[in-house]
Structures are given as structure tokens and as C-alpha cells.
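This report refers to the structure that appears directly beneath it.
The values are calculated or read from the model by the stated rules, or taken from the named source; none is laboratory data. Predicted model, so just to flag it, every value in this text is computed and none were measured. Quick reminder, even Gly has a Cβ in these numbers, built from the backbone with ideal geometry, and neighbours come from all protein chains shown. Remember, those area values only see protein heavy atoms, side chains included, never the ligands or the DNA or RNA. Shrake-Rupley method; radii C 1.70, N 1.55, O 1.52, S 1.80 Å.
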Amino acid sequence: MKNIILTGLLAGTILTDATAQWSHKEGDPMPHPAGIVVQPFTHAEWDASNFAPAKDLQWYRDARYGMFIHFGLSTHNNADLSWGVCQTRKAPDAGSGPVPDAVWQGWPKDFQFEKFDAREWVEIARAGGFKYIVAIAKHHDGFHLWDTAFSDFKVTNTPFKRDYLRELADACHAAAMPFGIYYSQRDWYHPDYMPVDPAKANISGNHWTLKPGETSPMGERHKKYNEYQFNVVRELCTKYGKVDIFWWDAAWWGGMFTAEIWDGEKLTRMVRELQPGILMNNRCSVPGDFDTPEQRLGFYQDWRPWESCVCLTHSWSYSGSPPKSRDEIIRMLISNACCDGNLLLSWGPQWDGEFAATEKSRLLEVGAWLKDNGRAIYGTRGGPWKWAEWGGSTRRDKTVWLHVFKGDTLSLPALPERTVLSAQLLTGEKVDFKQEGAMLTVTVPKGNPFAIVELTFDKSVDTLPAVSPGDDLSIFNDAVTYGKVVSRQATVKASSIFMGTLQALVAETPRSGSGCAHRSPKCPGPDQSRTRDSLPRRYEVQNRRDRIARRLCASRCHRMARPGRRSGRPNGANRSGRFPSPNIKRAPTCQAAQHAISGSNSTPQRLNTFIFAKWKSGERSREQNYGVPWTITESQAEVLRKPGTIIRQAVG
């Protein structure tokens with residue numbers, strides 16, 4: 001089957017702001033269609049790596065909700081950690097920050113942290129409903145937030161003088177709160193850090209290829225850096241009591257960082273020896289114990305644990321930007337739980353060590369909701385019905401909880417050899433239901449944005465494979481990454497290169513400051529459709545077209561790049577991202593597209609358009625099966641109701 005998807009994804013949002021990461025074992029279901037964010041492993045590579053036993057993962061899968069504490073020198077300027085400050089970034093990290101190195105490296109002298117109270121932080125986490133804490137020990141700027149013996153660039157050489165990590169670890173242990181350490185292998189401060197030497201590798205952006213005759217990208221001094229790294233990681237695993245999670249942060253990212261650079265297998269095996277039962281993520285270029293989609297929600301995945309790390313505000317650490325709403329956080333938490341994953345929500349204290357009152361209040365609001373509704377989240381697994389337009393489900397033993405965001409009557413496929421005995425809201429209010437043959441109908445009371453219906457079955461549903469409720473959502477149904485969708489009513493005019501019906505998914509740009517490279521003009525009207533050859537060039541994201549095609553447009557019917565390949569292209573795709581086919585004279589390439597929305601007295605908006613294509617080639621019908629079509633965001637719903645409004649997009 002030939003699958004085509006044209007997208008108007010913002011390249012900056014996907015390729016920079018949302019560095020998601022999945023590890024994929026050959027033969028397992030593909031967790032995500034974008035090649036650069038999925039690190040492939042052969043059976044042999046996977047089996048030769050190291051993992052936590054399944055019993056040690058149980059508490060983590062039950063927890064569902066973790067607190068990610070981001071703090072470091074960058075908070076001096078209320079800037080995001082490292083990226084928002086450091087002028088020097090060492091290869092393969094590209095670009096530069098706004099603050100000269102001589103300036104930010106002098107900020108430790110101002111480090112007072114006078115309002116820091118580790119016990120209060122842990123109490124906030126408990127009241128907020130969090131079940132584990134992960135705290136920064138060292139970010140890319142190389143500043144050590146513990147009393148290390150291997151560097152003078154550390155927290156105890158500041159006016160604060162105390163061991164921040166020690167106090168936080170002790171407070172977690174005293175409260176029986178699982179404690180995790182974030183540690184970045186990157187280090188833009190350390191003089192020996194040189195994972196990719198420009199003399200040995202050709203560097204393009206964040207990626208590199210070896211020069212002729214070279215066998216390794218690493219600089220001559222990098223061996224000394226790795227000696228230092230083994231020492232400080234050993235220190236973290238031996239000085240701070242029980243460590244439940246070790247959170248690495250140098251993701252594979254299409255070959256940007258490889259296991260060889262850190263001696264990843266040896267490093268992670270040392271951590272397991274020093275901390276039996278510890279869990280590790282997949283950002284040391286080895287598979288690890290769980291996947292880590294970043295700044296986006298995950299999709300249904302019950303064969304391997306995973307965790308979305310998402311900011312409470314617009315930045316990882318404190319910046320003064322407003323926090324997400326209570327309902328946004330609850331929806332993210334529910335969404336991930338229903339898809340069998342965790343949510344790691346990031347925030348950070350101010351420079352004086354105190355959390356902002358508005359952010360603290362927001363977390364406590366979510367905690368109050370969890371106090372009443374947590375039994376449908378904690379200790380559950382996703383399913384047995386997969387995520388759908390109306391919401392999703394969680395389960396434990398003989399109980400299923402339907403988390404309903406939309407709709408008042410649900411028609412679901414009945415579960416095999418299972419009978420519903422009762423249905424009620426978590427408040428105890430009875431809910432009408434009917435199970436007849438292969439269908440189950442549930443009537444949901446109106447008026448609750450997060451209605452949770454508790455179904456009791458005659459047998460356990462834990463072992464049932466998750467089933468589709470009939471309206472599986474596309475990969476783009478992630479409001480965190482792509483924006484909120486509220487309507488399906490738009491009409492689409494598109495190139496005549498496709499025969500058949502095209503429908504569009506339009507989602508609001510979710511993050512302020514991340515816009516398209518070109519501003520679309522007003523749409524000329526409903527009768528003016530254009531062929532591919534007549535489309536204006538300004539509708540195309542020209543320079544990133546093929547790269548986006550390779551990374552984002554690979555269908556589920558095509559495997560990702562074979563292990564060892566650096567192209568990021570799906571198997572069978574040529575250099576332009578096309579899939580040659582004997583039935584198609586000229587297979588269209590996937591291409592970034594833009595669109596314009598216009599109506600009387602309306603202002604054109606920069607939104608993202610995703611195409612769901614059903615088309616014909618010769619006598620054979622072909623269909624792209626990513627999911628349902630959507631149309632327009634809440635802010636533009638009124639525009640779509642105006643006569644003559646259309647959506648228009650470039651196609652390749």
C-alpha cells in the first residue's frame with residue numbers, strides 16, 4: 001500500500017522544541033512514524049543491552065504522575081536552562097546562546113538560594129498528587145548542583161555553600177517519595193568534552209558524518225571527559241542513598257549522539273550495579289527502560305513503558321511565563337494514562353529558591369482533583385479501549401474507567417467474553433448502559449468536562465488486548481504539540497494530482513513564538529482551486545521539504561531506516577523521500593504545506609494543516625490510514641461558518 005501524508009508541521013516545533021525519543025526493537029509495533037525520533041535496534045543489539053526487571057518497573061507504571069524540577073544558573077536571568085543562556089555550545093549541538101561565557105560563569109557568586117526548603121518542595125509534590133520526583137543534578141552548562149569531588153564548578157562553592165541535591169534526596173527519602181536524578185552527559189563547560197571533533201567529522205547542523213579515513217568522531221581529550229563522567233555518575237549513585245530513576249539527556253536524535261560517545265553500555269551497567277532496581281530512560285543511546293517523548297503526549301503503547309516530559313509553563317525552569325490551566329494539565333495526565341504512559345511535569349523555583357505562588361497554586365488544584373479521581377489514574381493500565389475522539393479508558397482487574405471529554409452517548413465494541421455488571425460515576429451516581437451482542441452503549445451525564453464512568457465487569461479485563469473504539473485518532477491529535485481541534489466542517493480545495501477526496505486536519509499553533517516561516521496571504525475564494533504547477537512557491541517550506549518528508553511522512557506500512565543507516569528515510573524511500581511504485585508514474589513527494597483561511601471581515605491565520613488522503617491509482621483504491629480528519633481550532637471555528645471560506649494548501 002502506498003501511503004501519502006502532506007503536512008504543514010512547523011519544522012521548529014517538531015525538530016527543535018519537541019525532541020521526542022522512542023527506542024524500537026526490530027519486530028515490535030512502531031511507536032511513532034517519524035524516523036529521527038525513533039532509535040532502531042536489531043534483536044541482537046536489544047538483547048545485548050541491559051534492562052531493569054519487570055518487577056522493578058511496576059511502581060513506576062502505577063505512579064503515572066511525576067514532578068520534574070528544573071533549576072540551574074540560567075534561573076539567574078529567568079531563562080531556560082543552558083539553551084537560554086550559554087553563548088558556547090559544543091558540537092554536535094549547534095548555535096549559540098545570548099549570554100557571554102565570562103558573564104554566566106560568574107553567576108555562582110550570586111547564588112544565595114535563601115528560601116530553599118527541600119521538605120516544603122516534597123510536601124508540595126505530595127499535595128499536588130505527584131508520585132515521584134526527578135531533579136536536575138547537572139544540565140548542559142556543566143554546573144554541579146551537588147558537592148562533587150571532581151570539579152570546582154559546583155553549588156558548594158557559592159554563598160549558598162550547601163549540597164542542594166543531598167537535601168532534596170534526604171527529604172524525598174524521609175517522605176517515602178521515589179527520587180530520581182537528571183544528569184546530562186553534555187557539558188559545554190568541561191574543557192575535555194569533545195564528543196564530535198570538527199577535524200574528524202563533517203558537521204551539518206546537529207548531525208555529522210565521519211571524514212574519509214576516520215573511525216570515530218571523538219576528539220583526543222574526550223577520553224578524559226569520559227573518565228570524569230564515570231567518576232561523577234559513580235558519585236551520584238553512591239552518595240545520595242536510594243536512587244529510583246536515572247534520567248540521561250543526550251538523545252540519539254538520528255545519530256547525533258551514539259552509545260560509543262559515552263561508552264553507554266558500560267556506563268549504564270555500572271549504574272545498575274551501584275543502584276540495584278534503578279530505572280533508566282533511553283537517552284544514553286541504549287534502549288533503557290522507558291521511552292521519553294518530549295513536549296508532546298504519547299500514543300497508545302502498552303508493550304514498553306513511556307513518559308511524556310512537558311513544561312508547566314512555556315519553559316522547563318522558572319521564567320515568569322503563565323502556567324497551563326488546571327484543565328490542560330488534567331487532560332494531559334488523563335490522555336497519557338489512557339494510552340498507558342506517565343506524565344512528568346516540569347517546573348522550577350525562582351532564583352531565591354521559592355516557587356512562584358501561581359505555579360504552586362496550579363499544581364495544588366490538580367492535586368485536589370486527583371484526590372477525588374485518582375483511583376481512575378494511579379495503578380491503572382491503558383485500555384481496554386484505545387484513545388478516541390471522545391476520550392479514553394484505564395483499567396484495573398474487573399474495573400474500567402471511561403474518561404469522557406466529549407459526547408454524551410458512547411457506542412463501544414463489547415469486550416470479548418466480558419459482561420458489564422454496573423456503571424456509575426466516581427461520585428456514585430448511576431449511569432445508564434446497554435450491552436447487546438457486539439456493542440456496548442453508555443449514556444454519560446452532561447455538564448462535567450472530565451466525566452469518569454466506572455464500569456464493573458464480571459471478569460478481569462487486564463489481559464485483554466486494547467481494541468479500537470472505531471474512531472482512532474490520527475498521530476496529530478496531540479493538543480500539546482499541534483493545538484486543540486474542535487470542528488470537522490471545512491471544505492478543502494487541493495491539487496488535481498490526487499483523484500478522490502481529501503480532508504484536512506487543522507490545528508492551532510500550540511506554542512507562542514513558534515510560527516511558520518512564511519505568512520500566508522488571504523485565500524482568494526472558493527472557486528479558485530489550483531493545480532500543483534500553478535501553486536505559488538511561497539506556500540512551500542522549500543529548504544526543509546525533503547528532510548521533513550523523510551522524518552515525518554513515513555507511513556506505518558513502511559519500516560523505519562535499517563539499523564546503521566543515518567539517512568532517517570523509511571526503507572524503500574529514495575533521497576527525496578518518495579516511494580517508487582510500479583502502479584504510479586510519478587509518486588508525489590511528501591512536502592511541508594501551508595494554508596490560508598479567510599472569510600469576510602476575518603484576518604488570515606498561521607495554522608498547521610494535515611492532509612488525510614484517499615485517492616486512486618489506475619484501478620486500485622489507496623488510502624492513507626493515520627486516522628480521522630479534523631478541521632479548525634476553537635479560535636477560528638466562527639471563520640469556518642462564514643460563507644465562501646475554504647482551506648487551501650500546497651502539494652508536492
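A few notes on this one:
- For region 155-283: accessible area per residue (Å², 1.4 Å): 37
- For the listed residue pairs K239/K371; K360/K446; K154/K211; K406/K434; K239/K324, the alpha carbons are over 26 angstrom apart in K239/K371; K360/K446; K154/K211; K239/K324.
- Debye, to nearest 20: dipole size of region 168-296, +1 on Lys, Arg Cβ, -1 on Asp, Glu Cβ: 80
- For K223 and D372, a Förster radius of 35 Å and the Cβ-Cβ distance give a FRET efficiency of 0.05, rounded to the nearest 0.05.
- Percent accessible area from carbon and sulfur atoms, region 248-308, protein chains only, probe 1.4 Å: 52
- Whole-Hz couplings from phi, Karplus 6.51/-1.76/1.60, listed for region 193-201; x for Gly and Pro: 6, 7, x, 9, 8, x, 6, 10, 9
- Spin-label model distance (nm) - T409 vs S468, 7 Å beyond Cα toward Cβ: 2.4
- Probe 1.4 Å - accessible area at W107, Å² to nearest ten: 10
- Probe 1.4 Å, protein heavy atoms only - accessible area per residue of region 37-151 in square angstrom: 37
- What the phi angles of region 380-395 give under the Karplus curve with 6.51, -1.76 and 1.60, with θ = phi - 60°, is a coupling list of 10, 10, x, x, x, 9, 5, 4, 9, 4, 7, x, x, 9, 10, 8 Hz, glycine and proline written as x.
- In this structure, the amide hydrogen of H144, modeled 1.01 Å from its nitrogen in the peptide plane, lies closer than 5 angstrom to those of K154, V155, counting only residues at least 5 positions away or on a different chain.
- Alpha carbon centroid spacing (whole Å) that separates region 285-340 from region 145-205: 23
- Take region 391-476 with all the other protein chains still there, run a 1.4 Å probe, and you get 47 Å² of accessible area per residue.
- Cut-off under 5 Å, modelled amide H: who pairs with W247 long-range: I181, Y182, Y183
- Heavy-atom accessible surface of region 134-182: percent carbon and sulfur, 1.4 Å: 48
- Heavy atoms of R221: accessible area, 1.4 Å probe, square angstrom to 10: 110
- Multiplying the residue separation of T399 and E120 by 0.36 nm and removing their Cα-Cα distance gives an extension gain of 96.9 nm.
- Available extension along the chain between D110 and A199 is 28.2 nm, counting 0.36 nm per residue and deducting the alpha carbon span.
- At the residue level, H314 shows approximately 100 square angstrom of accessible surface with a 1.4 angstrom probe and all protein chains present.
- Heavy-atom accessible area order for K138, K266, largest first, 1.4 Å probe: K266, K138
- Here the simple spin-label model places points 7 Å from the Cα toward Cβ, and for T441 and T456 these points are separated by 2.4 nm.
- Long-range HN-HN contacts of Q350 with modeled amide H, under 5 Å: F355, A356
- Histogram of C-alpha separations across region 286-366, 5 Å bin width, %: 3, 16, 24, 21, 15, 11, 7, 3, 0
- Share antiparallel - DSSP beta bridges, region 72-188, percent rounded to 5: 10
- Backbone HN-Hα couplings from phi across region 245-250 [Karplus 6.51/-1.76/1.60, Hz, Gly and Pro as x]: 9, 10, 10, 6, 8, 9
- Heavy-atom accessible surface of region 341-382: percent carbon and sulfur, 1.4 Å: 49
- The calculated FRET efficiency for N77 paired with L426, based on their beta-carbon distance and R0 = 41 Å, is about 0.40.
- Residue-count net charge about P198 - beta-carbon cut-off 15 Å; Lys, Arg +1, Asp, Glu -1: +1
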